[in-house]
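The values are calculated or read from the model by the stated rules, or taken from the named source; none is laboratory data. Everything numeric in this text was worked out from a predicted model, so none of it was measured. Don't worry about glycine lacking a Cβ; one is built from the backbone with ideal geometry, like all the others, and counts go over all protein chains shown.
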Amino acid sequence: MSRSLVAQVFAEEWPRVVATLRRDWGDLDLAEDVAADAFAEAARRWGPGDSPDRPGAWLVATARRKAIDRARRDRRFAERLPALADHHLREPAQASGLVDDQLALIFGCCHPSLAREAQVALTLREVAGLSTSQIAHAFLVSEPAMAKRLVRAKAKIRSANVPFAVPPPECLDDRLSAVLAVVYLVFTEGHTSTHEATLVRGDLCDEARWLAGLLSRLLPEHSEVLGLVALLAFTDARRPTRIDGDGALVLLEDQDRSRWDRAAIAQGTEVLARAQALGKLAAYQLQAAIAGAHSTAPSLADTNWHGIVMAYDQLLVLGGDQVVGLNRAIAVGMAFGPAAGLRAVGEVAGDGALDDFHYLHSTKAELFRQLGDVAQASASYDRALDLVTNDVEAAFLAARLGSLAAGGDDPSGR
Amino acid sequence: MQYMLLLYSAEDAGPAAGSPEQAAEMPQWMAYSEGLVEAGAMVAGEPLHPIDSATTVRVRDGQTLTTDGPFAETKEVLGGYYIIDVDDLDAATEWAARVPLAPYGSVEIRPVMQIPV
């Protein structure tokens, strides 16, 4: 019973406690340790009818007490104690300060002086409160390796004095894009694992959506934050149907749309409208518009393909890469026919830079298949199979190829 | 907090020694160094002679071994340094980005370890 109350408040209160204690002491390690101690004590002490009215305040006060206890035992902190102790014990955690403290924690964990994989690990540990072993498991590395990654990142933060602060306005967009990239990477790692037989690792998708939601509460006026929230909601809405009972990939056109998560789609629609109302067109928002066009369409044919092509055009104007160009080519194929789609592929891949990218070849294969060119389609599937690394995607491509060889029967039954 | 800025560039990058381009670059270096002094951030800073003047010393089994040249052959070589005193890594990064060599070389930022006395 007491454990479930602690679990209920954990997601909300963990980053607040870590952020407050980190600001108090200027030390991430200490903040993380005493936050963990405070939650452990809550798990022992909170019972039915015996829990604090304001769990957050209780947790912060407990963590602060533990920090002082620790400082009394540890010389490294004892030196700073006289200047800090009174201020710690008296100052209440105010709402506005809490927002800045949490933003400072997030921007610090995603500081550009840290490697992207360190940013991801730190964000999941310090902001989302995942344990080292959970993060190690999610990213398929050993627990000691992940622990080392975290220790090294925290050592750099300390020795190089990496600032944990809300960036000044002129840097905010740049710094925010690094934070959003971390959240998006956590989501895609959950959504399409590159090297594991399981295609969707839902926990990471949940964590990414939670992180994006936290950011949108801390920065409610930033269209790209809202764009990311909407993008993740629309994409995640299709999670229940992306793989079948045997673990095989199910194409968008074959997914049972009645099983898509209506609540997630409604959230995506509402948040995307808020992002668009801010009147600042940017990448996540456009990707959300595309994902939304899919997730709200009654069927593949009844999808707003022209609108999707336009959104891809805008993404390319904003500097979208060749993957965006390939996705656009598929949409062009749906809107204007497979021959037009293949011409669009040619525009993207003409220079040969994508020849080692399986997605180029599976895209061409699909368009050739739609054109009825079995020879070209099977050659492209062969090439894609040589290059693909995810087992589930490989099985899917093999099935497509097999259906061509069997006489062109579509495995989806069309 | 003190940071060392290590200024690296390929020997053929940037203006050649004695060229008019190098003369034209000098005021930028002067302005940069003066900017550090005015900001109260300057601790030290000097250019180094070219890499062919380097000698590397190792002591192995009590023997001092000297080698002509740098410790490791790399494309970009250390050409000078600054030690600056600023608040945090963001401030150090701003100064590093303003070093005149940054557009054609690279500036490594290393926090200077504070030895308690």
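The strands (runs of 3 or more DSSP E) located wholly in the stretch B:36-117 that include 3 or more residues which are within 12 Å of the chain's Cα centre (by Cα) and at pLDDT 95 or above occupy B:76-85, B:106-111.
Yes or no, residue by residue, for (1) without any contact (Cβ under 8 Å) to a residue 40 or more places away in the chain; (2) surrounded by 11 or more Cβ atoms within 10 Å (Cβ to Cβ); (3) closer than 15 Å to residue B:5 by Cβ; (4) of a type in the set (D, E, K, R):
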site: B:65; (1), (2), (3), (4): yes, no, no, no
site: B:78; (1), (2), (3), (4): no, yes, yes, no
site: B:83; (1), (2), (3), (4): no, yes, yes, no
site: B:92; (1), (2), (3), (4): no, yes, yes, no
site: B:95; (1), (2), (3), (4): no, yes, yes, no
site: B:102; (1), (2), (3), (4): yes, yes, yes, no
site: B:113; (1), (2), (3), (4): yes, no, no, no
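Residue check, residue A:328 against (1) under 23 Å from residue A:294 (Cβ atoms); (2) surrounded by fewer than 21 Cβ atoms within 10 Å (Cβ to Cβ); (3) not aliphatic (A, V, I, L, M), all met but one. Which one? It fails just one condition, (2). Across the stretch A:273-303, the qualifying residues are those that are in contact (Cβ under 8 Å) with a residue 60 or more places away in the chain and of a type in the set (Gly, Ala, Ser), and the one among them that is farthest from residue A:250 (Cα to Cα) is A:288. Applying the set (1) at pLDDT below 95; (2) more than 24 Å from residue A:373 (Cα to Cα); (3) of a type in the set (A, V, I, L, M) to residue A:308 leaves exactly one unmet item: (1). Selection of the stretch B:97-117 for residues being of a type in the set (A, V, I, L, M) and within 11 Å of chain A (Cβ to nearest Cβ) yields B:109, B:112, B:113.
Take the conditions modelled with pLDDT under 95, closer than 18 Å to residue A:97 by Cβ and over 26 Å from the mean Cα position of the chain (by Cα) and apply them to residue A:24. Does it pass?
Values: modelled with pLDDT under 95: yes; closer than 18 Å to residue A:97 by Cβ: yes; over 26 Å from the mean Cα position of the chain (by Cα): yes.
Criteria met by residue A:24.
Residues in the stretch A:106-128 that are within 14 Å of another protein chain (Cβ to nearest Cβ), touching a helix residue (DSSP H, G or I) at 6+ places or on another chain (Cβ under 7 Å) and outside any helix (DSSP H, G or I): A:110, A:112, A:113, A:114. Could you grab the pairs with beta carbons closer than 6 Å, sequence gap of 6+ or different chains, first residue in the stretch A:348-365 and farther than 11 Å from residue A:326 by Cα, second one in a helix (DSSP H, G or I)? Every condition considered, the pairs that remain are A:358/A:384; A:358/A:387; A:365/A:377; A:365/A:380; A:365/A:381.
Counting the residues of the stretch A:96-105 that are surrounded by fewer than 20 Cβ atoms within 10 Å (Cβ to Cβ) and more than 14 Å from chain B (Cβ to nearest Cβ) gives 5. Answer yes if at least one residue in the stretch A:295-316 is in a helix (DSSP H, G or I) and more than 30 Å from residue A:353 (Cα to Cα), and no otherwise. Yes: one or more hits.
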